[in-house]
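Worksheet: the structure to be examined is printed underneath.
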Amino acid sequence: MSIGNLPAHAVILAGGRGTRFWPRSRMRTPKQLLNIVGERTMLEQTTDRLAPLFPASNQWVVTNTEQTAPVREQLPQVAASQILAEPIGRNTAAAIGLAAIHLLHSNADDALMAILPADHYIEQTARYRKVLRAALKVASEPGALVVLGIPPTRPETGFGYVQRPSRGSKMNGEAVYSVERFTEKPSLPHARKYVASGRYLWNAGMFFWRVSTFLSNLERHLPKTHAALLGLAETIGTPRYAAALQHTYPALENISVDYAILEPASRDPKRSPVYVLPAAVGWSDIGSWAAVYELLATAKGENVSAGKIMALDAAGNFLWSPKKFIAAIGVKDLVVVETPDAILVCPRDRAQDVGRVVKWLEEQRMQELL
């Protein structure tokens with residue numbers, strides 16, 4: 001896909017650990033590499049829905065060294081040179097910067113980047129692609145930074161929000177608004193006000209811009225990281241690249257692209273205008289086992305299971321044990337997840353705390369369970 005004379009590339013961020021999906025999610029097999037919802041993995045589903053817009057030659061994945069091999073196994077259609085491994089996690093500004101210098105190396109002129117997470121669920125894929133086309137068109141404007149915003153369905157305190165004005169414009173039939181400001185994860189009273197106003201959208205971490213726009217903003221806001229990455233770019237395609245990456249990457253600033261670039265740019269729109277497109281596409285970040293239950297349950301109180309179960313006076317449970325029979329008696333709203341070496345049991349409303357188990361395992365140095 002191209003917009004004008006600019007080729008468009010999808011950059012899929014796939015380096016997270018997904019600790020809230022323990023015990024299935026481990027360091028080598030995090031959430032995005034698992035079939036959390038459906039038969040195919042989250043990463044495979046991501047590339048599947050992008051394929052009509054971005055052929056495999058225009059898909060890039062940023063992951064880490066521990067997950068490179070399984071990513072390559074799951075995406076044999078993507079060239080190994082386009083699966084980029086971070087030697088150490090340095091947040092999204094660095095990850096996107098790594099992809100940007102590779103795109104700069106592979107494209108003689110400029111190119112468009114669509115930055116997309118590997119572990120989100122999108123129900124309305126055709127509608128999603130329509131919004132993506134419009135976002136890329138807006139992003140083709142020199143200097144423009146574009147984010148997709150999810151219309152909130154509840155006063156969520158776990159997401160950042162994007163504030164928009166009451167009036168906007170249209171691109172390819174899609175609404176486009178200038179961003180007034182980005183806000184952090186709010187308190188519940190603030191979240192309720194945001195939703196009631198109708199002028200706030202969830203920030204889902206999906207971004208669009210030219211490579212040149214991103215790099216110029218990186219130079220403005222993170223000059224040390226920009227300089228380091230341009231130095232690394234000179235080694236791409238040479239035998240020096242691997243050693244240069246190991247040396248350069250740990251010194252990059254550890255900061256999200258939201259903090260580093262988008263928030264400062266939204267306060268200075270004359271230099272880089274920031275736009276948001278509402279995307280009502282049936283989105284979920286599937287942030288916990290409770291979110292998986294809510295996505296899969298078709299009726300209130302339904303028991304959702306991966307294998308055979310017998311439920312007696314049991315309701316609202318998520319039971320994941322594909323190889324073992326489960327008998328559930330008199331239990332309500334539980335999460336039970338079984339793997340060969342571990343079992344998780346918790347109330348559904350405590351599913352967000354599963355990450356604390358991983359932290360405890362790290363403190364106890366129980367590497368075999370990580």
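Summed over segment 339-355, the residues that are more than 22 Å from Gly158 (Cβ to Cβ) and touching a residue at least 40 places away in the same chain (Cβ under 8 Å) give a count of 4.
Matching residues to (1) polar (S, T, N, Q); (2) modelled with pLDDT under 95; (3) in a strand (DSSP E or B); (4) crowded, with 16+ Cβ neighbours inside 10 Å:
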{"position": "Leu148", "(1), (2), (3), (4)": "no, no, yes, yes"}
{"position": "Arg154", "(1), (2), (3), (4)": "no, yes, no, no"}
{"position": "Val162", "(1), (2), (3), (4)": "no, no, yes, yes"}
{"position": "Ser166", "(1), (2), (3), (4)": "yes, yes, no, no"}
{"position": "Met206", "(1), (2), (3), (4)": "no, no, yes, yes"}
{"position": "Trp209", "(1), (2), (3), (4)": "no, no, yes, yes"}
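Exactly one residue out of Thr46, Thr29, Thr63 is outside any loop (DSSP other than H, G, I, E, B), farther than 24 Å from Ser212 by Cβ, in contact with a Pro (Cβ under 8 Å, 6 or more places away or on another chain) and of a type in the set (S, T, N, Q), and it is Thr46. Looking across segment 241-285 at every residue that is open to solvent by less than 40 Å² (accessible area, probe 1.4 Å) and aromatic (Phe, Trp, Tyr), the one that is farthest from Arg220 (Cα to Cα) is identified as Trp283.
Residues in segment 85-118 that are touching a residue at least 24 places away in the same chain (Cβ under 8 Å) and among the polar types (S, T, N, Q): Asn91, Thr92, Asn107. Are any of the residues in segment 136-145 at negative phi, assigned to a strand (DSSP E or B) and at pLDDT 95 or above? So far as segment 136-145 goes, yes, one or more of its residues are at negative phi, assigned to a strand (DSSP E or B) and at pLDDT 95 or above. Report yes if some residue within segment 297-304 is buried (at least 16 other Cβ atoms within 10 Å of the Cβ) and free of Cβ contacts under 8 Å to residues at least 24 places away in the same chain; otherwise report no. Yes, that holds for at least one residue. For Ile329, the criteria (1) within 25 Å of the chain's Cα centre (by Cα); (2) modelled with pLDDT of 95 or more hold in every case but one, which is (1). Annotation: of all residues in segment 1-48 being over 13 Å from the mean Cα position of the chain (by Cα) and of a type in the set (Gly, Ala, Ser), the one that is farthest from Ala297 (Cα to Cα) is Gly4.
Among the residues of segment 342-364, is any charged (D, E, K, R), loosely packed, with under 10 Cβ neighbours inside 10 Å, out of contact with any Cys (no Cβ under 8 Å at 6 or more places or on another chain) and within 20 Å of Thr29 (Cα to Cα)? Within segment 342-364 (the criterion being charged (D, E, K, R), loosely packed, with under 10 Cβ neighbours inside 10 Å, out of contact with any Cys (no Cβ under 8 Å at 6 or more places or on another chain) and within 20 Å of Thr29 (Cα to Cα)), the answer is no, since none of the residues qualifies.
Residues that are assigned to a loop (DSSP other than H, G, I, E, B) and of a type in the set (A, V, I, L, M) within segment 71-106 comprise Leu75, Val78, Ala79, Ile88, listed in sequence order.
From the list Leu218, Leu201, Leu222, Leu232, the one residue that fits, being farther than 30 Å from Lys137 by Cβ, modelled with pLDDT of 95 or more and either under 22 Å from the mean Cα position of the chain (by Cα) or buried (at least 19 other Cβ atoms within 10 Å of the Cβ) (or both), is Leu232. Just to be sure, is Glu39 open to solvent by 20 Å² or more (accessible area, probe 1.4 Å) and modelled with pLDDT of 95 or more? The answer is no for Glu39.
Within segment 24-38, residues that are closer than 16 Å to Ala351 by Cβ have Cβ atoms under 6 Å from residues that are crowded, with 19+ Cβ neighbours inside 10 Å and at pLDDT below 90 in these pairs: Ser25/Gly18; Lys31/Gly18, counting only partners at least 6 apart in sequence or on another chain. One residue stands out in segment 119-131 among those that are touching a residue at least 40 places away in the same chain (Cβ under 8 Å) and of a type in the set (A, V, I, L, M, F, W, C): the one that is surrounded by the most Cβ atoms within 10 Å (Cβ to Cβ), namely Val131. Only one entry of Ile88, Ile12, Ile96 meets the criterion of being touching a Phe, Trp or Tyr at 6+ places or on another chain (Cβ under 8 Å), open to solvent by 10 Å² or more (accessible area, probe 1.4 Å) and among the hydrophobic types (A, V, I, L, M, F, W, C), and that entry is Ile88.
The values are calculated or read from the model by the stated rules, or taken from the named source; none is laboratory data. Because the structure is a prediction, the values reported are computed rather than measured. Note that we place each Cβ from the backbone using ideal geometry, even for glycine, and neighbour counts take in every protein chain shown. Protein only, heavy atoms only, side chains kept; ligands, DNA and RNA dropped before computing areas. Shrake-Rupley method; radii C 1.70, N 1.55, O 1.52, S 1.80 Å.
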